[in-house]
Amino acid sequence: MKTQKNSLFAMLCFLLMGCHNKDSVSAIESINVDVKNNVCENQSAFSDFDFVKLDFVENAALSSIGKVVSYKDKLYILTLYDPNIFIFSSTGEYITSINRGQGPGEINFVSDIEVYNEKLYALDLYRTIKEYDLEGRFIRDEYKFEHPYFSMNHTEDGVLLFDPNLDKNSDYYLSYLSDNSDNKYLKKNKYLSDLLFSELNFYKNGFISWPLCDTVYTMKDKVPQAEYIVTFNEKNFFEKKFQDKVTMDELIGMAQDKTMIRWLRDVMPYHSGIYFSFSYDCTYFVKYEKGKTKIYKKFIDGLPDVVEQLSVGVCDNGLVYVFTAEELLAYKANNGLNGNAKIQSLYDSVENEEDNPVLVFAKLD
């Protein structure tokens, strides 16, 4: 199995983003991140985890996972390249997949999946939300829209839709679509309007964010409100002054520039504060609460470091990451094991490089 390519750099060819805009005025809490003085060098960002080894079967060889939704006794998995939806049990046994094709309920090119109100939803061809039961049986086309969107999040009143500049005629990243209205929010950054990027998890447990934006939003009274702004003492992407539109080649150059802080990602609530990560000379993990910031460079002791890799989903009080068998076997060969029984069990579950990936459910304290 080839190395998991679920990174911001690997997905540059897919979609877009950008910031710094405020659609409404509110009390915004500023978080300053100082990587020179506040890093917990010998501690891991996540102290505990669970894992699921996904069974390998011929019709479910998962080369690259983009999103995982864990719900009750099932895992709903969206692959990135040649996208498909696979359903596994919560212990990793393959159950089924959604048929691909042009017929009713069949999928063509799915960019996002979600489970909401005991239903599975798939955003297909950027313009249709298809509804299934939890076993993967088609129910109906829930929404069809003229303009393209890449990701979605259902609410009590409708659905939030994120446009990472697929639609060149739209000036806004976010739409709030309901039976009675289609409201637009979060004005696009004009200097980034020629870029395509991706964001499969723009909404995590109440927070709206994307990697090229230093501002984190929450929905209040059905309107996004700026909640946090993240600042850095070092050279960083978010304070860069653009004179002209950024090209894809320039963005790729910034993605490879390890002297620049970049890519705010994996944003989610942490107790009464917020958790997020970003890229610099390595990946940093940040926990912020009540004015105090803790910064970590280590992911989980005994597992490969998460470098440019995004999380692929959320779990109870944490995030879901993917490690390929190839990555795990290479790490074990080069580093050995740390004596932790759970770590030992994880590595024992991997037999060869062609195995399906392992899902790691990393828990915040």
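Structure notes:
- Residue selection: Asp55 fails the criterion of being under 20 Å from the mean Cα position of the chain (by Cα) and either closer than 26 Å to Pro211 by Cβ or assigned to a loop (DSSP other than H, G, I, E, B) (or both).
- The set of residues in the stretch 266-315 that are out of contact with any Phe, Trp or Tyr (no Cβ under 8 Å at 6 or more places or on another chain), free of Cβ contacts under 8 Å to residues at least 60 places away in the same chain and charged (D, E, K, R) comprises Asp281, Lys290, Lys292.
- Looking across Ser97, Ser111, one residue alone is at pLDDT 90 or above, in contact with a helix residue (DSSP H, G or I) (Cβ under 8 Å, 6 or more places away or on another chain) and either open to solvent by less than 60 Å² (accessible area, probe 1.4 Å) or not acidic (Asp, Glu) (or both). It is Ser97.
- Close pairs from the stretch 88-105: first over 19 Å from Ser349 (Cα atoms), partner open to solvent by 40 Å² or more (accessible area, probe 1.4 Å) and in a strand (DSSP E or B), Cβ under 7 Å, at least 6 apart: Pro104/Phe138; Gly105/Phe138
- Of all the listed residues (Asp301, Asp316), the sole one being surrounded by fewer than 19 Cβ atoms within 10 Å (Cβ to Cβ), under 19 Å from Lys67 (Cα atoms) and out of contact with any Gly (no Cβ under 9 Å at 6 or more places or on another chain) is Asp316.
- Residue tally, condition at pLDDT below 95 and either part of a strand (DSSP E or B) or open to solvent by 70 Å² or more (accessible area, probe 1.4 Å) (or both), over the stretch 18-31: 4
- Search result, residues across the stretch 221-236 that are assigned to a strand (DSSP E or B) and touching a residue at least 40 places away in the same chain (Cβ under 8 Å): Val223, Pro224, Gln225, Ala226, Glu227, Tyr228, Ile229, Val230, Thr231, Phe232
- Some residue of the stretch 60-69 being more than 27 Å from Gly302 (Cα to Cα), outside any helix (DSSP H, G or I) and open to solvent by 20 Å² or more (accessible area, probe 1.4 Å): no
- Of everything listed in (1) open to solvent by 10 Å² or more (accessible area, probe 1.4 Å); (2) at pLDDT 95 or above; (3) in a strand (DSSP E or B); (4) more than 24 Å from Asp141 (Cβ to Cβ), the single unmet condition for Gln43 is (2).
- Any hit, the stretch 85-92, residues being under 22 Å from Leu364 (Cα atoms) and open to solvent by less than 60 Å² (accessible area, probe 1.4 Å): yes
- Search result, residues across the stretch 319-344 that are in contact with a strand residue (DSSP E or B) (Cβ under 8 Å, 6 or more places away or on another chain) and either open to solvent by 50 Å² or more (accessible area, probe 1.4 Å) or not β-branched (Val, Ile, Thr) (or both): Leu319, Tyr321, Phe323, Ala325, Leu328, Lys342
- Single match in Val314, Val350, Val322 (criterion: within 26 Å of Leu78 (Cβ to Cβ) and more than 14 Å from the chain's Cα centre (by Cα)): Val350
- Residue within the stretch 147-160 that is open to solvent by 40 Å² or more (accessible area, probe 1.4 Å), closer than 25 Å to Gly105 by Cβ and not in a loop (DSSP other than H, G, I, E, B) present: no
The values are calculated or read from the model by the stated rules, or taken from the named source; none is laboratory data. If you're wondering where the values come from, they're calculated on a predicted model, not measured in any experiment. Please note: Cβ atoms are built from the backbone with ideal geometry, for glycine as well, and neighbour counts cover all protein chains shown. All accessible areas refer to the heavy atoms of the entire protein, side chains included, with ligands and DNA or RNA removed. Shrake-Rupley method; radii C 1.70, N 1.55, O 1.52, S 1.80 Å.
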